[in-house]
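Encoded as structure tokens, the structure appears first; notes follow it.
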Amino acid sequence: MNAQTKFPSLTHLEQLEAESIHIMREVVAETEKPVMLYSVGKDSAVMLHLARKAFYPAPPPFPLLHVDTTWKFKAMYELRDRVARESGMELIVYQNPEAKERGINPFDHGSLHTDMWKTEGLKQALDKYGFDAAFGGARRDEEKSRAKERIFSFRSASHRWDPKNQRPELWNLYNARKAPGESIRVFPLSNWTELDIWQYIYAEEIPIVPLYLAAPRPTVERNGMLLMVDDDRFPLLPGETPVERSIRFRTLGCYPLTGAVESEASTLAEVIQEMLVATTSERQGRAIDHDGSGSMERKKQEGYF
Amino acid sequence: MATVLREVPRADEARAELDAYLALNQKKSLLRFLTCGSVDDGKSTLIGRLLYDSKMLFEDQLAALEAESKKIGTTGGGLDFALLVDGLGAEREQGITIDVAYRFFATDKRKFIVADTPGHEQYTRNMVTGASTADLAVILIDATKGVITQTRRHSFLVNLLGIPRVVLAVNKMDLVGFSQERFEQIEADYRRFADELGMGVVTAIPLSALQGDNVTSRSDAMDWYDGPSLLDHLETVPGREQSRDGGFTLPVQWVNRPNRDFRGYTGTVAAGRIAAGDPVLILPSGRRTEVQRIVKFGGYQDEAFRGQSITLTFTDEVDCSRGNVIVSPDTVTQIGNRLSATLVWMSDEPLADHRSYWLKLATQTASTTVSRIDAVIDVNTLAEDEGSRLELNGIGRCVLDVDRDLVGAPYAQNPTLGGFILIDKLSNATVAAGLISEIHRSDPKDISDPGQHIAWIQGPAAGQGAEALRQRLGALGRPVFVLTEDVLDQGLTSDLANDPEHASERVRRAREAALLLARAGVEVLVTVPASAEEAVPGRVLDAGDLIQESDGEWMI
Ligand SMILES: Nc1nc2c(ncn2[C@@H]2O[C@H](COP(=O)(O)OP(=O)(O)O)[C@@H](O)[C@H]2O)c(=O)[nH]1
């Protein structure tokens, strides 16, 4: 280090942490009724941890919102309830009543499942409670098209993303002004990469769903994806029998839509090591990204994250 | 397709090695850099290669790259790295505003965030946005073309945004036969121009983004070049935060008051360092207090540095809220309601006369109008001309009047207290970026109560008391003048004998001089002895109290 340096410079994780905390405090200072979208995945886990740091010793001054599809892994529901208890935050679980009534599910309804439970569910929940700012855990490194995303993303009163009307973001100055009815999605993890997330979870000992670590689990292979048979709602096709394999997940969503990887990495350190030598990107496991390129962009315009 | 990851060695030895490796990886530093170049200089190819060579690509992405390179690549079937970052063409066609795309890669030593500013129509706006957070700029030059108008424009903007370090990446060296002479000529051309601008440190590197020469490793084709490869340089160059310093500055973001017993002031440290027990001033009030604790998750930390997001508590209950700035007594700031600043206009709607905008500076928001455009700068010729309009991508030197006092600093000194945005009050759009060159008070004629700015320092240690107060006001960025008998005797009172008979006339002249200075916006500290009836207008202060520094609130 050079001799003029008066104090140590921050590591990359410390700088990312400081930036995310800064963003969260700005939102709390400048909006009326913020909420944190909590999907129980690793990014949500990091986001929640950062929020607890940002507002310590108080609990974060906003609730957690889980837009539920009823099809998440059992282990996710367990962690969700535990974490809400420990953080002292209110947990709002929202399930789209229409999707529930019609029995929308990933096996029979394809992309309608995501549209109704997640996209519609999110809009309904935000409207119902009148939230004007929602933290989301999306990162710019997830996909080529996300590289240009703003940290503060503005939505019209009908939750549409107007790509022609986004604001330049200079320094760490965020313009959170909006008209009545409009809302903001805020992405405090924009500048984190998947590896940063894992390293931070490791360094800060953040609780995560055990499914991220390898263990023997009942699986079937379908359409090139390894799916876990998480409960008896999983309709087996003729000739299919669940096989026990040592698997883990790199991303978690609805269990019938989330592909596992075969792995022996049963500790965080091993997961990070595998990550460092990994040869596929994390989004490979997500069914949602496979239906046609450019579909992410479309989903976002419709209000899906 | 189901993915099988590589086998992980599980021996104890391997595990120890893994732990060491992870520990090292946690401790990387971070460098944010901006790439600037004109269309076809090879910017996308260069960024794509950095991503590729630092192994940030996964097999599925590589397979897609190979397929796309064959289909639409410009490199005759070889890997076209530009395709890796070229995800923006479609958006541009749809008219989506893209100002900056951010890319990420890392080596064992550093994580990098690359701000890539596509498009040329919006170049100024995009570049300024990308440059605002950059520690370093890579300015690309096509070796076959040399320094061109765009190079000057990019350099001007990089300099305007105060990026302290520049890499001059002379690309396409393969097309000029890797000629040393050509490289040196371009470097010399550029340095001449950079010196005129007064740019920071410039490092010139000859490279070929297409073939990989001097990108991540030294090239065999240019053995005459003995500097580092681009990546080596990026890995070792000091970041902005290591190279800038200054007194402690913390713009208050939010006050954390969960209950009666706790009141914490949160924010991101913009400059300097702070420790528990340190004295601080709260601006603009100037109230003095002391840091009791620096609170962190589950405990306390002894000290905090620039860049950290922290929570402070004070030893006593003071008035402090969002928008205030907590500083060390030695931090130099300026307080006032009139800003001289460079504005970069970012909206399709031009700057309107007498329209009022929101101004956001650090955590302060105030209402402002642009009262004067002194000059408009042509980014191509760098000429400054008179002008009365500022349109999209226009840059002007302006004067802004604000509806209240702001705490700030020249941008070059403290970017956090010197960089602001303007927000349209109707559309809520961010319409301009501003860089402060100076903050002052509005015209002296506006000072309706000059007595507010006059203090009569009395007591045997008047000179010492005045000096103590002068330092404190100076730290707040106020112009201060100490009016002593010595100063008066140099002219104003040189015709008066120094005896009791002429004492009241001496005071009268001191008062008139003080009033003139106060009307000009100067804080005047009068040390001429005067009775309570004589010491008007203004306030009488006891020098002894000032020396004890017990009270920082006076006149602020
Ligand atoms: N010969 C040669 N061609 C290059 C080099 N770098 C880029 N190119 C080519 O120049 C063209 C423009 O490159 P691109 O990266 O798309 O430029 P951008 O518009 O600045 O992003 C492409 O055909 C590249 O293959 C280089 O170092 N040498």
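Assorted remarks:
- Shape category assigned to the range B:469-544 from the gyration tensor of Cα positions, a/c cut at 1.5: prolate
- Projecting the Cα positions of A:Ile21, B:Thr129, A:Ser153 onto the charge dipole of the protein assembly as shown (unit charges on Cβ atoms of Lys, Arg, Asp and Glu, taken about the Cα centre) puts A:Ser153 furthest along the positive direction.
- Of interest is the spacing of the C-alpha centroids, which for the range B:216-284 and the range A:120-199 amounts to 26 Å.
- Partner chain coverage, peptide B:106-113 - average Cβ within 10 angstrom: 3
- Each stretch of four or more DSSP H residues adds -39500 (n - 2.57); spread over every residue of the protein assembly as shown, this sum gives -8000 deg cm²/dmol at 222 nm.
- Pairwise inverse Cα distances across the range A:237-277, averaged and inverted, put the Kirkwood hydrodynamic radius at 11.9 Å.
- Cubic angstrom per residue, convex hull over Cα atoms of the range B:222-313: 146 Å³
- Only Lys, Arg, Asp and Glu carry charge here, each on its Cβ (+1 for the first two, -1 for the last two); on that basis chain B has a dipole of about 1100 debye about its Cα centre.
- Principal axis extents of the Cα atoms in chain A, from largest to smallest and rounded to whole angstrom, are 66, 51, 39.
- Separation of the A:Thr70 and A:Glu204 label points, Cα + 7 Å toward Cβ, nm: 3.4 nm
- At full extension, B:Leu175 and B:Ser367 could sit 63.7 nm farther apart than now, given 0.36 nm per residue minus the alpha carbon distance.
- Binned Cα-Cα distance frequencies in chain B - 20 Å width, integer %: 18, 41, 30, 10, 2, 0
- Electrostatic tally near B:Glu384: other residues with Cβ closer than 10 Å to its Cβ, Lys and Arg +1, Asp and Glu -1, net -3.
- Other residues lying with their Cβ under 13 Å from the Cβ of A:Leu189 contribute a combined charge of -3, Lys and Arg counting +1, Asp and Glu -1.
- Residues of the range B:338-368 with amide N under 20 Å of a point placed 7 Å along Cα→Cβ from A:Ala58: B:363-365
- Per-residue packing, averaged as other Cβ atoms within 10 Å, sorts the ranges B:171-180, A:131-140 into the order A:131-140, B:171-180, beginning with the highest.
- Residue mean of other protein chain beta carbons inside 10 Å, B:298-311: 4
- Across all Cα pairs in the protein assembly as shown, the calculated P(r) in 10 Å bins from zero up to the longest distance comes to 2, 11, 20, 23, 19, 12, 7, 3, 2, 1, 0, 0 percent per bin.
- Added length on full extension, which subtracts the Cα-Cα distance from 0.36 nm per residue, B:Asp195 to B:Glu303: 35.0 nm
- Averaged over peptide B:255-263, the number of partner chain Cβ atoms lying within 10 Å of each residue's Cβ comes to 2.
- With both labels modelled 7 Å from their Cα along Cα-to-Cβ, the B:Asp403 to B:Glu184 distance reads 6.2 nm.
- Highest average packing first - A:101-107, B:491-497, A:118-124, Cβ atoms within 10 Å: A:118-124, A:101-107, B:491-497
- R0 of 41 Å, Cβ-Cβ distance B:Asn380-A:Ala157: FRET efficiency to nearest 0.05: 0.45
- Placing a label point 7 Å from the Cα of B:Gln26 along the Cα-to-Cβ direction, the residues of the range A:260-276 whose backbone N falls under 20 Å of that point are A:266-276.
- 16 Å cut-off, amide nitrogen to a point 7 angstrom out along B:Leu492 Cα→Cβ, residues in the range B:529-544: B:529-531, B:534-539
- Cross-link pairs exceeding 28 Å in C-alpha to C-alpha distance, out of B:Lys28/B:Lys296; B:Lys111/B:Lys145; A:Lys33/A:Lys74; A:Lys42/B:Lys70, comprise B:Lys111/B:Lys145; A:Lys33/A:Lys74; A:Lys42/B:Lys70.
- Once the Cα gyration tensor of the range A:44-188 is diagonalised, semi-axes √(5λ) in Å: 25, 22, 15
- Difference of contour (0.36 nm per residue) and Cα-Cα distance, B:Asp348 to B:Ala16: 113.7 nm
- Gyration tensor verdict on the range B:341-410 (Cα atoms; rounded if a/c is under 1.5, prolate if a/b is larger than b/c, oblate otherwise): prolate
- The figure for B:Asp261 is an accessible area of roughly 140 square angstrom, using a 1.4 Å probe on the protein chains alone.
- Calculated on C-alpha atoms, the gyration radius of the range B:166-221 divided by its Kirkwood radius gives an Rg/Rh of 1.01.
- Antiparallel content of DSSP bridges confined to the protein assembly as shown, in %, to 5: 65 percent
- Dipole magnitude of chain A about its Cα centre (Cβ charges: Lys, Arg +1; Asp, Glu -1), debye to nearest 20: 800 debye
- Between B:Ser504 and B:Lys145, the simple spin-label model (points 7 angstrom out along Cα→Cβ) gives 8.0 nm.
- In terms of the mean number of neighbouring beta-carbon atoms within 10 Å, the peptides B:334-344, A:214-224 order highest first as B:334-344, A:214-224.
- Residues of chain B were split at every exposed loop site, defined as GluC sites (Glu not before Pro) in a DSSP loop with at most 15 other C-beta atoms within 10 angstrom, and the longest piece left, sites excluded, is B:122-316.
- Calculated log₁₀ intensity ratio I(q)/I(0) where the Debye formula runs over C-alpha points of the range B:159-261, q = 0.12, 0.24 Å⁻¹: -0.53, -1.30
- Rounded if a/c under 1.5, otherwise prolate or oblate - the range B:380-429, Cα gyration tensor axes: oblate
The values are calculated or read from the model by the stated rules, or taken from the named source; none is laboratory data. Everything quoted here is computed from the prediction, not taken from an experiment. Using ideal geometry, Cβ is built from the backbone for each residue, glycine included, and neighbour counts are taken over all protein chains shown. We work out accessible area using only protein heavy atoms, side chains counted, and drop any ligands, DNA or RNA first. Shrake-Rupley method; radii C 1.70, N 1.55, O 1.52, S 1.80 Å.
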